[in-house]
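Undergrad: I'd like to ask you about the structure that follows.
Throughout, read-outs are computed from the coordinates displayed, never taken from laboratory work. Please read these numbers as outputs of a predicted model, since none were measured by experiment. Every residue, glycine among them, receives a Cβ derived from its backbone with ideal geometry; neighbour counts consider all protein chains shown.
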């Protein structure tokens, strides 16, 4: 999976989300990380007096187990539980499941149309 930095998250896109298991500043290898899937909404600036301002990532999230039931990104909205704001201890990974399927369908459509039209240079998508 490809990790995506917080600043590069794209609005409306699905991401796998996991926490960095931290215990007293050290990574805790005994605890399983929290895993979820979320649709990115926006970054929210948190301005505090004590520390310098930082961004939280705002997501509509649902459980990873629901991904098995989802066939395309539009269906993801049916499984959203609620909105969460995630601080800097979370990592985000691009969901490749639908991109792979869409690319495969686009290639199949191109091959099919090239055969019908008879033009080997035709591109539909």
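Undergrad: Here are labelled values, (1) 10.9; (2) 8.1; (3) 12.1, and one is the computed mean projected area of the Cα convex hull in nm² for what I pasted. Which one?
TA: Among (1) 10.9; (2) 8.1; (3) 12.1, the one calculated here is (1).
Undergrad: In nm, to one decimal, how far is the residue 123 label point from the residue 35 one, both placed 7 Å along Cα→Cβ?
TA: 3.6 nm
Undergrad: Follow-up question, since we're still on this one. Per-residue counts of other Cβ atoms within 10 Å, averaged by peptide: what ranking do you get for 112-119, 81-88, 44-51, highest first?
TA: On the way: 112-119: 11.0, 81-88: 13.0, 44-51: 7.9.
Ranked by mean Cβ neighbours within 10 Å, highest first: 81-88, 112-119, 44-51.
Undergrad: Something else now. Given a Förster radius of 22 Å and the C-beta distance between residue 3 and residue 48 as r, what FRET efficiency does 1/(1 + (r/R0)^6) yield to the nearest 0.05?
TA: That gives a FRET efficiency of 0.25.
Undergrad: Gain in length, residue 75 to residue 112, computed as 0.36 nm per residue apart minus the alpha-carbon separation, to one decimal in nm?
TA: In short, 10.6 nm is gained.
Undergrad: Have a look at 108, 57, 76 and tell me which one the Gaussian network model of the chain (Cα, springs below 10 Å) gives the largest fluctuation.
TA: 108
Undergrad: Next question, about the same structure. Please give the FRET efficiency for residue 68 paired with residue 13, using the beta carbon to beta carbon distance and R0 = 22 Å, rounded to the nearest 0.05.
TA: Efficiency at R0 = 22 Å is approximately 0.65.
Undergrad: May I pose another question? Measure nothing fancy, just the Cα-based angle from helix 97-117's long axis to the longest principal axis of the chain, in degrees from 0 to 90, nearest 10.
TA: Between the helix axis and the principal axis of the chain, the angle is about 10 degrees.
Undergrad: Right, next: What 222 nm value per residue comes from the helices of the chain, counting each DSSP H run with n ≥ 4 as -39,500 (n - 2.57) and dividing by all residues, nearest 500 deg cm²/dmol?
TA: -6000 deg cm²/dmol
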